[in-house]
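Below is one structure, written out as structure tokens, with a few remarks after it.
Bear in mind these aren't lab numbers, they're just calculated from the coordinates by the rules spelled out. Keep in mind that what you see is a predicted model, and the values were worked out from it rather than measured. Please note: Cβ atoms are built from the backbone with ideal geometry, for glycine as well, and neighbour counts cover all protein chains shown.
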Amino acid sequence: MTVLSDIRHHPKDLTLAAYAAGQLDEARSVVIAAHLRLCAKCRLAVADFEAVGGACLETVEPAAMSDSALDSFWLRAGKQEAAPAPASILAANDFALDAAHPLARYLKEGVDAIAWKNVAPGLAQHVIPADGYRPGVLRLLKISPGVRIPKHTHGDEELTLILRGSYTDEVGEFRHGDLADLDEDVLHAPLATGDQPCICLIATSAPLRFRSIVGRIVQPFIGL
Amino acid sequence: MFGALARRVTAPRQAAKAVPADPDRLNDLLLLVATTADREAFNALFAFFAPRIKGYLMRIGTSADLAEDLAQEALLKVWRKAKLFDPAKASAATWIFTIARNLRIDAARRAAKPVLDAEDPAFTPESEPRADEVMERQSRDEKIRAAFKALPAAQYEVVRLHFIEDAPHSEIAERLNLPLGTVKSRLRLAFEKIRKDLGDSVE
Ligand SMILES: [Zn+2]
């Protein structure tokens, strides 16, 4: 597994805790899981939060199982063949690092096969509904080098992971593996840098709000 | 310490069979199951965890029948996948928490829309853990457990609600009649405190 040691932008603690607690919607879970594949620091943080979850589980008021629970368990377990050890999930589906395993369910052919839809000069997007569990939307944006997205803010619940290329904005430089978990009031205007398009994976649980942001992003281009 | 004990309410019927929440003992039991498929050890794990997983699922609105079924399924995973339990990555309670959590999410997914069964990230066979890594993780989990139990009551409550009730921040706020910002700051303070107790630097 590739681990990027120079990741500089990470999810907030509250976001990682919500992930460990199983509270995030599908879209944000996918984005966090994709970041975790690249970030040892956040994997440790999630393991710690899962330990909090383990401690919490021990405090749950038990609900008595039925009297025959253990008997039916062994009846069921007796019939089960031992599962073959799966190949490491870390190796599975590792087609072009960009489409890390958590994304594979949504991008079967990988990032290179995306049917991009142009929304403005230098800006294309691909939208994937992530409605398996707590609906959300996954959105891939492709920003051509040198293109700047007009100033906008993000919802509190939006996460952006850089899959390829890089951009700079008021917050700093974001490169492959970096994740923007911005406060609601951060106003930024990302500029795609380098010589390849910047591809971002964005999760939002509030699609309507996001549409209006894209509207505002697109508007100035249409005005050209 | 007494606060933590007072909070732990045990159902009378299970009380006789229940293993005390001694993390070292739970870890030893799971390792026995992993290495020798010891059924007695597994029965003790079952007695401790099945009612708690059922309780966890019922608290978030799962019917008693489904919760019992999912608790069975969780313990079935523990039995079948015990060989993949990696003590360098988690203690027994933590590992079993992630199994129960993933089952809960999968059950919700199945209810929303049938999807292919994703490989459960709780099972990631890797190279043999080194003994020192095992020690480090186990003692880290132990410190986290102690730090969690030592949290001020107000923080303890929001953390606990966050992890075992299926409650996003906004719902916790509603339930405790607190502003959303207060819930978030209590969580943040709690996590900072846990981190400080671990000896990690707080950023
Ligand atoms: Zn990170």
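Which order do B:58, A:65, B:135 fall in if you start with the one that has the fewest other Cβ atoms within 10 Å? Display every interim value, and only then the final one.
Details: B:58 18, A:65 25, B:135 13.
Ordered from fewest to most neighbouring Cβ atoms within 10 Å, B:58, A:65, B:135 come out as B:135, B:58, A:65.
Return the lysines within reach of residue A:151: Cα separation strictly under 19 angstrom, same-chain partners fewer than 8 residues apart disregarded; answer none if there are no such residues.
In chain and number order, the partners are A:142.
Please compare each pair in B:54/B:184; A:12/B:196; B:54/B:83; A:12/B:149; B:149/B:193 to a cut-off of 19 Å on the Cα-Cα distance and tell me which ones are over it. Can you show the working numbers first?
Numbers: B:54/B:184 28 Å; A:12/B:196 17 Å; B:54/B:83 24 Å; A:12/B:149 23 Å; B:149/B:193 11 Å.
In this structure, B:54/B:184; B:54/B:83; A:12/B:149 exceed 19 Å between Cα atoms.
For B:56, A:167, which order do you get if you count the other beta carbons within 10 Å of each Cβ and list the fewest first? Mind dumping the intermediate values first?
Working: B:56 30, A:167 26.
Least crowded to most crowded, the residues run A:167, B:56.
Using a cut-off of 10 Å between beta-carbons, work out the net charge of the residues near residue A:177 (Lys and Arg +1, Asp and Glu -1, residue A:177 not included). Show your work: numbers first, answer last.
Working: positive: A:8, A:37, A:175; negative: A:6, A:178.
That sum, taken over residues with Cβ under 10 Å, equals +1.
For B:68, B:142, A:109, what's the fewest-to-most ordering of other Cβ within 10 Å of each Cβ?
Numbers: B:68 23, B:142 16, A:109 11.
Final ranking by Cβ density, sparse to dense: A:109, B:142, B:68.
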